[in-house]
Amino acid sequence: MEPIIEMVGVEKDYASGPVVVRALIDAHITVNEGEFVAIVGPSGSGKSTLMNIIGCLDRPSRGTYRLAGYDVGSRSNNARAVLRNRLIGFVFQGFNLLPRTTALENVELPLVYRGQRAKHRRAHARAVLAQVGLADRVDHTPNQLSGGQQQRVAIARALVTDPPLLLADEPTGNLDTRTSDEILALLQRLNRERSLTIVLVTHESDVALCASRVITMRDGHVRSDVRQSSPRDAGEAAARAQSEPEPTSARPGGE
Amino acid sequence: MLATALSALRIAFRSVMRSKLRALLTILGILIGVAAVVIVTALGTGVQDKVVKSIQSLGSNTILIISRPAQRSGARGKAGVGGRMTEADGQAILREATSVAAVVPMVSAPAQVVFGDRNTSTAVIGTTRDYLKVRSYELERGEMWTETDERLKTKVCVMGATTAANLFGSVDPVGQIVRIGKYPFRVVGTLERKGQSLGGEDPDDRLLMPVGSFRARVLHLPAGRVWLLMASATDVDTTARAEAQIRAILLQRHNITDEDDPDFVIHTQAEFMQLQEQIFGTLQLLLVGIAVVSLVVGGIGVMNIMLVSVTERTREIGIRMAIGAREGDIMIQFLIEALVLCSLGGLSGTVVGLAAIQAMVVSLGWNMILPPQALIAALATSATIGVVFGFFPARRAARLDPIEALHHE
Ligand SMILES: Nc1ncnc2c1ncn2[C@@H]1O[C@H](COP(=O)(O)OP(=O)(O)OP(=O)(O)O)[C@@H](O)[C@H]1O
Ligand SMILES: [Mg+2]
């Protein structure tokens, strides 16, 4: 298997006033294609910092980071924008859909920046929305959708470019348990069926248990990196929850 | 890039529609500026056109030589009345000045002209046949008097269109007899209407007669004496040379040694043209100044709104950047939005301006001309304003840090 993420001695410093915060220290991480990685750790341990670097939103202060063979640290803002568009799909805790914009248009957006034609974009976006189970919600705007549905739109937007890597920073943070399981089941299915590489940050152990590998962060260091031979099947849990008539309520994310 | 530009255009329109009132107020700023430019340009061009036409109607190669008493000392005499310029001076100029095509003498007096029971007061001008050529008049009816008439001081006259209309109404004046003072004059021709006037003088309200007849029957003057010679240069470009030649000839003929104190003054149309150009140059500068100020004010409004828009949509910008928008994509999006605002302002300003011009032309009868280039310039300027004042906010948006933008509340 090909490594998609290769980090060698990656560090990130933040200068906040006279103090230098070492948010990430000497990270050596290699992730192969098709892995499902969960990153856990207490608040402030550097999970988001790590994700920002993996996602090419930020550059390491030291060390080298290769994404699918590209050396990210040496690339300009525009070059990294292109890498993000080609290689990465993002899913955020707060969904981060464009307000007052339909699900279809939200999903189309990454293709706009690829310069694809409108007709092509629309057909493709529709197909991906159907794959995440939202064929009948294409013309809804985010405020007309539940939190779970919004996160599905966000996942569709992340997948529409068919990227090898999906990054999710606390994707279930704003969702209740049952909706979380549904989203996780979707991610597990994508990981299994498309061998989509997934890196996911979470606070919840239930979520981390779904991954095939768990990286634990503490004070900017990678503390442990373990493989889980039998991950929890979120789809099963969701199906079980469906049979129990427990009322569910989705909390829409902060817009 | 085309796909992004098109989608940016759609986004821009949507964003404008989303905050209608705000967009409207911003557009209003540009609208007022552009409308003002359009109206003021039309007004300026109209006035200039009128003045240029009336100057040209005089013939742009016309030279006026006005007689006045030489004044070694003391008060200035009334121009034209004193002095000792004669018809012979005119003939000498025509003979010797190579750049002069024609010279006519001119004396004039206001007089009552009577036909039957109608009468009108008009300017009676004593001159020669070449008057028509020098002042570029055309005959409408009849013909010019003959050289014989000039020699014999016959009682004949040619009438301007207004004078003819006042006296004769619809009757054909040619061949009719009018009375000026005690003497009957036969009308031999009428002049075509010129219509333009400079400084209130109506070029169609006059009566021409041979200068000899004028001196004999209208105003008694020493033989040969004229107040004014009117010359025309062979060409517009030779006017200056003709003027110099005339000056030299007259100085010599009048035995004047002190060049600074001649007994004549020479005016050319070039002087009027120059004066006119000076006035309009200043006016134009003023107009451009007003236009620039009002458009800059409008542009600042656009910039302000765009900055607000960028701040409001920081998170949106972060999202777009995360999913692959390059700096140029973001930049274009906001530039196009500013451009849309300004173009809407420019278009509506043009429409309002044109409507206002139409209203003024109809209700006030003003001469207003809007050169098509001015329209294009107005639109181009508003678009430029959009780009110039949209640039800073757009660049600010494009340079946002994606991570910070994503976490913006
Ligand atoms: N832009 C920044 N400027 C200064 N310090 C920062 C910046 N971003 C993060 N930090 C600091 O870096 C450290 C790691 O932050 P990070 O956001 O990666 O933590 P995290 O593990 O994602 O926490 P959480 O679970 O609360 O999201 C923290 O101490 C934080 O204060
Ligand atoms: Mg975090």
Handout entry: log10 of Debye I(q)/I(0), alpha-carbon scatterers only, for the stretch B:293-409 at 0.13 Å⁻¹
Key = -0.58
Handout entry: Leading residue at positive end of dipole, the stretch B:126-213 (Cβ point charges), from B:174, B:154, B:209
Key = B:154
Handout entry: Phi-based couplings in Hz for the stretch A:127-144 (Karplus 6.51, -1.76, 1.60; Gly and Pro marked x)
Key = 4, 5, 4, 5, 4, 8, x, 10, 4, 9, 10, 4, 9, 7, 8, x, 6, 9
Fill in the blank from the handout: About its Cα centre, the stretch B:69-262 carries a charge dipole, from +1 on Lys and Arg Cβ atoms and -1 on Asp and Glu Cβ atoms, whose size in debye to the nearest 20 is 800
Practice task
Would you mind computing Rg(Cα) / (2.2 N^0.38 Å) for the stretch A:133-255, counting N as its residues?
Solution key: 1.10
Exercise for the section: Treating cross-link reach as a plain straight distance, find the lysines whose alpha-carbon is under 17 Å from the alpha-carbon of residue A:47, omitting any fewer than eight places away in the same chain. Expected result: A:12
Exercise for the section: Of the options A:143, A:129, A:168, report the single residue whose Cα projects farthest towards the positive end of the charge dipole of the stretch A:98-198 (beta-carbon charges: Lys, Arg +1; Asp, Glu -1). Expected result: A:129
Handout entry: Cα centre as origin, Lys/Arg/Asp/Glu Cβ charges: the stretch A:116-255 dipole, Debye
Key = 720
Fill in the blank from the handout: Counting only protein heavy atoms and rolling a 1.4 Å probe, one gets per residue an accessible area for chain A in Å² of 44
Practice task
Please arrange A:14, B:183 by accessible surface area, largest first, computed with a 1.4 Å probe and ligands excluded.
Solution key: A:14, B:183
Exercise for the section: Could you pull the Cα extents of the protein assembly as shown along its three principal axes, largest to smallest, in whole Å? Expected result: 134, 55, 39
Practice task
Write down Rg/Rh for the stretch B:69-262, rounded to two decimals, with Rg from the C-alpha atoms and Rh from the Kirkwood relation over Cα pairs.
Solution key: 1.00
Handout entry: Distant-in-sequence amide H partners of residue A:200 (H built 1.01 Å from N, under 5 Å)
Key = A:37, A:38, A:39, A:168
Problem - Counting DSSP beta bridges with both ends in the stretch B:69-262, the antiparallel % (nearest 5) - result: 75
Problem - HN-Hα J in Hz across the stretch A:204-218 - Karplus 6.51, -1.76, 1.60, θ = phi - 60°, x for Gly and Pro - result: 9, 5, 4, 6, 4, 5, 6, 7, 8, 8, 10, 9, 9, 9, 8
Completion exercise
the stretch A:1-136: spread of alpha-carbon positions along the three principal axes, whole Å, largest first, is 49, 34, 28
Practice task
Using only alpha carbon pairs under 8 Å that are at least six residues apart, calculate the relative contact order of chain B and give it in whole percent.
Solution key: 29
Problem - Radius ratio Rg over Rh of chain A, counting only Cα atoms, Kirkwood formula for Rh - result: 0.96
Exercise for the section: With an 8 Å cut-off on Cα pairs and a minimum separation of 6 or more residues, tell me the relative contact order of chain A in percent. Expected result: 26
Exercise for the section: Go ahead and estimate [θ] at 222 nm for chain A from helices alone: -39,500 (n - 2.57) per DSSP H run with n ≥ 4, summed, over the residue count, rounded to 500. Expected result: -10500 deg cm²/dmol
Exercise for the section: With a 1.4 Å probe and every protein chain left in place, tell me how much accessible area residue B:138 has, in Å² to the nearest 10. Expected result: 110
Fill in the blank from the handout: Close lysine pairs (the stretch B:69-262; alpha-carbon distance under 26 Å; 8 or more apart or on separate chains) counted at 6
Handout entry: 25 °C / 0.890 mPa s Stokes-Einstein diffusion coefficient of the stretch B:120-206, Kirkwood radius on C-alpha pairs, µm²/s
Key = 184
Exercise for the section: Let me know the whole percent of all Cα-Cα pairs from the stretch B:203-292 that are separated by more than 17 Å. Expected result: 70
Practice task
Could you check what % of the DSSP bridge pairs in the protein assembly as shown are antiparallel, to the nearest 5?
Solution key: 70
Fill in the blank from the handout: For B:287, A:104, the accessible-area ranking with a 1.4 Å probe, largest leading, is B:287, A:104
Exercise for the section: Find, to one decimal place in angstroms, the Kirkwood hydrodynamic radius of the stretch A:141-210, where the mean of 1/r is taken over every pair of different Cα atoms and then inverted. Expected result: 12.4
Practice task
Determine the order of A:196, B:375, B:24 by accessible area, beginning with the largest, at a probe radius of 1.4 Å.
Solution key: B:24, B:375, A:196
Completion exercise
For the stretch B:9-18, in residue order, the Karplus 3J(HN,Hα) values (coefficients 6.51, -1.76, 1.60; θ = phi - 60°; whole Hz; Gly and Pro = x) are 4, 5, 4, 4, 4, 5, 5, 5, 5, 5
Exercise for the section: With a 1.4 Å probe and every protein chain kept in, tell me what percent of the accessible surface of the stretch B:168-286 is carbon plus sulfur. Expected result: 53
Exercise for the section: Calculate, for the stretch B:69-262, the solvent-accessible area per residue in square angstrom, rolling a 1.4 angstrom probe over the heavy atoms of the protein chains. Expected result: 50
Fill in the blank from the handout: Treating only Lys and Arg (+1) and Asp and Glu (-1) as charged, each at its beta carbon, one finds that the protein assembly as shown has a dipole about its Cα centre, in Debye to the nearest 20, of 1000
Problem - Ratio Rg/Rh, restricted to the stretch B:115-171 and using Cα atoms, in which Rh is the Kirkwood radius - result: 0.97
Exercise for the section: Work out the P(r) tail for chain B: percent of alpha carbon pairs separated by more than 34 Å, whole number. Expected result: 54
Problem - Heavy-atom accessible surface of the stretch B:297-362: percent carbon and sulfur, 1.4 Å - result: 76
Exercise for the section: Give the residue from A:24, A:73, A:231 lying farthest towards the positive end of the charge dipole for chain A; charges sit on Cβ (+1 for Lys and Arg, -1 for Asp and Glu) and the dipole is referred to the Cα centre. Expected result: A:73
Exercise for the section: Quickly rank B:360-371, A:79-90 as a protection proxy: mean count of other C-beta atoms within 10 Å, highest first. Expected result: A:79-90, B:360-371
Fill in the blank from the handout: Comparing each residue of the stretch B:1-42 in the complete protein assembly with the chain by itself (heavy atoms, probe 1.4 Å, ligands and nucleic acids ignored), those losing at least 50 Å² of accessible area are B:3, B:14, B:18
Exercise for the section: Normalising by the residue count of the stretch A:58-151, find the relative contact order in percent from Cα pairs under 8 Å and 6+ residues apart. Expected result: 27
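The values are calculated or read from the model by the stated rules, or taken from the named source; none is laboratory data. Keep in mind it's a predicted model, so treat the numbers as computed, not measured. With ideal geometry, Cβ positions are generated from the backbone for all residues, glycine too; neighbour counts draw on all protein chains shown. Surface accessibility is based on the protein's heavy atoms, side chains included, excluding ligands, DNA and RNA. Shrake-Rupley method; radii C 1.70, N 1.55, O 1.52, S 1.80 Å.
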